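Every number in this text was worked out from the coordinates using simple rules, so none of it is lab data. No experiment lies behind these values; they were computed from the predicted model shown. All Cβ positions, even for glycine, are placed from backbone atoms using ideal geometry, and neighbour counts span all protein chains on display.
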Amino acid sequence: MQTTLLGLSVAIILALVAALVGPHFVDWTSYRAHFESEATRLTGLPVRINGPIEVRLLPTPTLTLANIEAGDIAAPRLAARELYAELALGSLVRGEFRASDMRIVAPDIKLALDADGRLDWPAVRMGFDPDQLLLQRVAIEGGRLAFSDTASGVAVTLEGLWFNGELRSLLGPVKGEGGFMAAGERYGYRVSASRAGEDGAMKLRVGLDPADRPLSIVADGAMRIDARAPQFEGTLSVARPVAIAGANGRGVIAVPWRVTSRVKASPVQALFEQLEYQYGPDDRALKLAGTAEMRFGKAPRLEGVLSARQADLDRALDLPDAARRLPFAALKQVIESFGGAYRPAFPVRLGIGLDSVTLAGGTLQGLRGDLNMEAGGWDIETLEFRAPGFAQVRLSGRLAVDAQGVSFKGPAKIEANDPKGLFAWLEGRAPDSGSAQVGPLRAAGDLTIGALEIAADRLRVEFDRKTIEGRLAYSYAAEGRAARLEAELKAAELDLDGLLGFARTALDGTAFERPGEVALTADIGRATVAGVEAKGVKGTLKLDPAGLTFDRVQIADVAGAAFSLNGRLDGPLSAPQGNVTFEVDARGLEGTAAVLAKFLPQAAEPLRAAAAKLTPLKARATLHLERATAGGSNAKLALEGTAGALRLRLSTEASGDIAALTLPELRLNAQITTSDGSVLVALAGLERLVAVDRRPGALNVTARSAAGSDLRLDARLTAGGLDLSAIGTTRLFTPAGLAAVLDVALQADAAPLRRPAAALPLKLQARINANADEIAIENLSGAIA
């Protein structure tokens with residue numbers, strides 16, 4: 001008995017020594033073929049172990065395999081730098097393989113879908129019961145997963161793949177988390193999956209969180225492999241949280257949004273049902289519902305439809321009061337919010353249907369549209385809605401969001417029965433119910449809206465049954481440049497009175513700044529101004545920092561009068577240079593006086609009173625400007641023509657600041673001659689004071705001034721028996737207005753006294769002091785013969 005016990009003790013000691021020391025002397029690599037054979041039998045794939053093999057029994061059985069490959073030698077499907085497993089000894093004795101801890105270092109996995117959307121993977125025939133391979137903790141580090149889709153040509157590689165979790169058996173369940181890098185962006189993920197059921201489906205939940213983008217993506221449903229093609233059915237949620245972690249670790253508040261949907265997905269397509277979109281926090285969210293379908297392949301595309309009975313964009317965007325009242329500002333915020341949030345890598349076609357939309361305090365009704373979204377912007381196939389002012393709006397085109405802001409380009413059409421209401425809404429004003437009504441407005445053209453410009457090309461406007469065609473563009477003031485207005489207008493007939501009334505009514509209180517630069521080209525067959533018909537209105541007017549241009553500006557007929565203006569003045573207004581020519585040919589001036597009464601009433605009445613005596617009128621005036629050496633400009637004005645019985649001739653030379661009307665040096669010679677001197681007397685307003693015969697008459701005026709001195713004036717009027725002279729000084733263009741000191745002498749052969757029959761020779765002399773407030777007559781003397 002003692003001998004037996006001693007032998008048993010020695011055997012146990014030898015076994016322990018062998019377990020501790022044996023592995024250091026056993027060359028397990030020489031058993032490579034056996035390990036590879038067993039691994040191939042277990043996995044069903046050809047397995048190669050290209051590195052050393054290490055086995056330990058104590059204190060815990062461990063197995064380490066290095067440089068493992070599985071699959072074809074030329075293109076292995078699986079590879080790993082190292083596989084390490086801690087095994088349970090008791091399970092091994094019972095014929096089970098249980099790993100309490102398994103670590104796979106630098107695995108390299110290649111997955112592919114063939115042209116039919118099936119997994120390109122050889123059939124696996126396991127030579128054992130998968131439930132006999134039990135795993136607890138599984139770790140993957142430094143992995144790489146390459147995925148390719150033959151049908152679409154898409155190839156994606158996940159680098160730096162890692163995983164920590166639990167895998168109970170090769171059939172599941174599995175649970176854990178990890179991360180990877182793809183296309184230079186880091187992602188985190190969470191995954192949990194059940195065992196596959198009898199139908200081959202397993203419950204799967206995957207959460208994906210891009211580290212550089214504020215997104216959370218969760219898929220929850222059932223997944224199966226049907227004829228080697230993966231199928232998924234469940235729910236999908238994509239959301240942006242309200243708080244986003246910034247670079248400094250602090251949270252940044254953002255507008256949250258969320259998309260949820262039931263989804264059925266295969267390698268060919270994905271169908272989204274019961275799709276719900278929410279933009280903004282729950283208490284003021286914009287909510288839409290619809291369906292969508294995603295097509296995969298070489299040209300992936302998403303098509304969907306979203307609709308809602310009512311949408312309040314004012315509440316959803318939570319704009320400041322100033323922006324909330326302006327539709328353009330509110331709409332810009334909408335586009336920037338949605339355009340900045342959605343930049344898909346593939347085309348998206350989206351149909352929109354909203355019964356009622358609240359925007360900038362107004363209601364848009366029946367909004368319908370079809371949009372194509374890409375990374376660079378949106379293509380609007382159609383967009384139609386009814387706006388305030390009983391206005392129907394239709395447009396299409398390209399909408400882009402970039403660093404410069406929001407821009408749009410495309411055709412647009414507006415039909416408004418109440419233009420006042422439409423413009424009041426656009427300007428953020430309440431409609432003025434007390435102002436006069438204006439007729440319906442219809443406008444169509446190619447619209448361009450940018451951060452600095454609003455333009456309409458191929459414009460066609462119908463207002464009050466009149467049609468205007470051409471181009472209109474307005475550029476906002478920016479970077480030291482004044483606001484600019486460009487217009488090219490053509491119309492067979494135009495009611496300028498109605499158009500100006502419409503502009504005053506509809507655009508009163510507008511936020512547009514008065515343009516400092518203008519380029520206007522007009523070709524109007526017949527226009528009505530102040531009730532007067534003007535024919536043949538055409539020409540080009542340009543005003544910019546380079547100068548002022550009149551290019552064949554003309555009015556062919558204004559109630560018997562024709563006007564033309566040509567020339568160009570270059571340079572700043574303080575020192576311009578160039579030539580301008582003005583011509584008038586008028587059989588009557590009554591129409592001209594009526595037009596002036598509308599815009600310059602102070603000049604209309606004198607012209608109206610003298611119109612009969614000045615017609616027919618035909619005159620030509622030429623202005624020549626050149627820059628002076630000491631600054632400012634030298635100006636020469638020449639006028640020559642006839643006005644009724646009068647012959648006109650004038651020449652003027654001046655130097656100074658033309659824009660400020662500061663002309664320190666002036667020389668003027670003017671002569672008006674006539675065969676009937678009574679016309680001159682009437683024009684001078686002296687017909688009630690003196691009576692003259694129809695002998696020839698003349699008015700000669702000379703004026704001279706030098707720097708720092710008043711204007712020296714010498715004027716003489718002779719007509720029949722009248723001789724009137726005025727000599728003195730005057731000051732022009734002073735802040736207080738006109739000021740003059742004149743010595744006046746009047747001599748007449750006959751002057752009517754009370755009754756026209758009592759006419760006696762008259763001789764008067766006086767000094768006249770005049771300014772803007774009063775006229776004083778001094779040193780009056782005279783005699784009546």
Worksheet item: What length, rounded to one decimal in nm, is gained on full extension from residue 518 through to residue 112, with 0.36 nm per residue of separation minus their alpha-carbon distance?
Response: 139.8 nm
Worksheet entry | Gain upon complete extension [residue 453, residue 78; 0.36 nm per residue less C-alpha separation] | 129.1 nm
Worksheet item: Using θ = phi - 60° and the Karplus curve 6.51 cos²θ - 1.76 cosθ + 1.60, what whole-Hz ³J(HN,Hα) does each residue of the stretch 287-303 get, with Gly and Pro shown as x?
Response: 10, 10, 9, x, 9, 7, 9, 10, 9, 9, x, 5, 10, x, 7, 10, 10
Worksheet item: Between residue 119 and residue 239, how many nm apart are label points set 7 Å from Cα along the C-beta direction?
Response: 3.1
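Would you please give the FRET efficiency between residue 166 and residue 40, computed as 1/(1 + (r/R0)^6) with r the Cβ-Cβ distance and R0 = 25 Å, to the nearest 0.05?
Efficiency at R0 = 25 Å is approximately 0.40.
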Discussion item. Out of the trypsin sites (Lys or Arg not before Pro) in the stretch 601-700, which ones are loop residues according to DSSP with at most 14 other C-beta atoms within 10 Å?
Written reply: 688, 694
Practice prompt. List every residue whose amide H lies under 5 Å from the amide H of residue 379, counting only residues 5 or more places away in sequence or on a different chain, with H placed 1.01 Å from N in the peptide plane.
Written response: 372, 373, 374, 399
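Dipole magnitude of the stretch 577-704 about its Cα centre, charges +1 at Lys/Arg Cβ and -1 at Asp/Glu Cβ only, in debye to the nearest 20?
Roughly 220 debye for the stretch 577-704.
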Discussion item. Need one number: nm distance between label points at residue 583 and residue 374, each 7 Å from Cα along Cα→Cβ, rounded to one decimal.
Written reply: 5.5
Fill in: Extension gain, residue 231 back to residue 469 (0.36 nm per residue minus Cα-Cα distance, nm)
79.8 nm
Worksheet item: What are the ³J(HN,Hα) values, in whole Hz, obtained from phi via the Karplus relation 6.51 cos²θ - 1.76 cosθ + 1.60 with θ = phi - 60°, for each residue of the stretch 575-586 in sequence order, with x given for Gly and Pro?
Response: 8, x, 8, x, 9, 9, 10, 10, 10, 9, 9, 10
Practice prompt. Express the relative contact order of the stretch 130-233 as a whole percentage, based on alpha carbon pairs under 8 Å and six or more residues apart in sequence.
Written response: 17
